[in-house]
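A quick write-up on the structure given underneath.
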Amino acid sequence: MAELYCTARTLFLYTTELIEHPLEGVISGGEPDYEHLVAEVRGFLRAQRVRGPLYLGLSSEFLLLRTALFPVLEGFPLAEAVLAEAERSPFWGQHDLTIDYELLDTVDEHRRRVLFAAMPAQAVAALTRRLRPRRLEPLPLAIWRASRSQFEGRESWIVLETLTNSMALFEQGRLTDFRQLAHPLAEGGQALVDEVVRSLQLFGRYEPVEAAWLFGLPEPPPAPEGLPAQEVVQSAQPGVLKAAAWRREPPGLDLRPRRRRLGEGLPREAQRALLWSSFWLALGVSGYAVLNAQLQGQRSINEGLRRDIARLEAVRPEEQEPLPEGVTTGLLERVSGALPEGTWLDGIQVDEFKLVLRGHALDPRAPQVLARRLEAPPAWTQWDEEGEDFAWEVSLELPQ
């Protein structure tokens, strides 16, 4: 396994030791030249005889990384809202974009804070096709994940890193917000301290944090006097990033194209139809060819599901097979309404006195949210290497 951290001027490769390789010409006229970047990276990896899984982290010159507040709008998927926000960027918005996002916090019932990244889809295709990385994400995220293991148990800390010249605030173990700093971290000084203080105030924090982590490669940034932190820790050890680069925990984004699973991204009505269809198929009382239709693409999925809705609604109550004891239409409606964003069903079945739900999710926390909403025992979750998401199972006790 190898980790490659790519900035506009330098490639940092870490396998068992840190290797630096200068970059020239990857930013042309203020814009990234992805073809040149791919050629440089391929040549460097070939010269170093790198084989096996590759983590690729890109600095802010090559992609868009932001946090933003999004309203909660019924019927308007968060993915579409994130894409619309990314397309507002004067530079990145002129491209066909690939995006990924993660929910940071629910501010209130009407707003949620989201971390998202965007990159030209054509560039993503070139990088993944020719370099085949196992993970492609904004570079600061690996550093932020590494900070969590360094400061586990602390209430608050900040991360200052020189690879992208950014600052991030963590509170209660979770990323609160981040920003690109105008003052170079490598220069230090009072100007940097003043900007850090202002940044904390922008994040809504006016008290010093417990710790400040100053990270850089190949050297850490200097530690100026007066940083608003009770403890200052400097680090230039690439080994602390190795595990964090591959760790599947927040904050984590991946911009590689990903195979869509059955039901993923469908509107709530289609998810509801899929739930009903899966239920009747599991009981053996419906012969609708839903699964075959779903293999023919998104359009066929939607058309097949609409037909299922019409068929189910057309069946008179006296013609329906009686539901198993404890299973009601209200319970099924409750299940379909409880699915969090980025979570979808693969199927359901009745197992003795339980209703067993199975599916996949982008976020390992989402199945636990579903279980809490349904007042069910904690969900079983497992990383699915093939689908590059999380398989889950939730069991509901049926009333006797």
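The values are calculated or read from the model by the stated rules, or taken from the named source; none is laboratory data. This is a predicted model, so every value here is computed, not measured. Cβ atoms come from the backbone with ideal geometry, glycine included; neighbour counts cover every protein chain shown. Accessible surface areas use protein heavy atoms only, side chains included; no ligands, DNA or RNA. Shrake-Rupley method; radii C 1.70, N 1.55, O 1.52, S 1.80 Å.
Within the accessible area of segment 329-397, the carbon and sulfur atoms contribute 48%, probe 1.4 Å, all protein chains present. For the listed peptides 27-35, 216-224, a ranking on the average number of other beta carbons within 10 Å per residue, highest first, reads 216-224, 27-35. Surface analysis of segment 95-194 yields an accessible area of 40 Å² per residue, using protein heavy atoms and a 1.4 Å probe.
Packing-based ranking of 160-167, 245-252, 180-187, 342-349 yields 160-167, 342-349, 245-252, 180-187, ordered from highest to lowest mean Cβ neighbour count within 10 Å.
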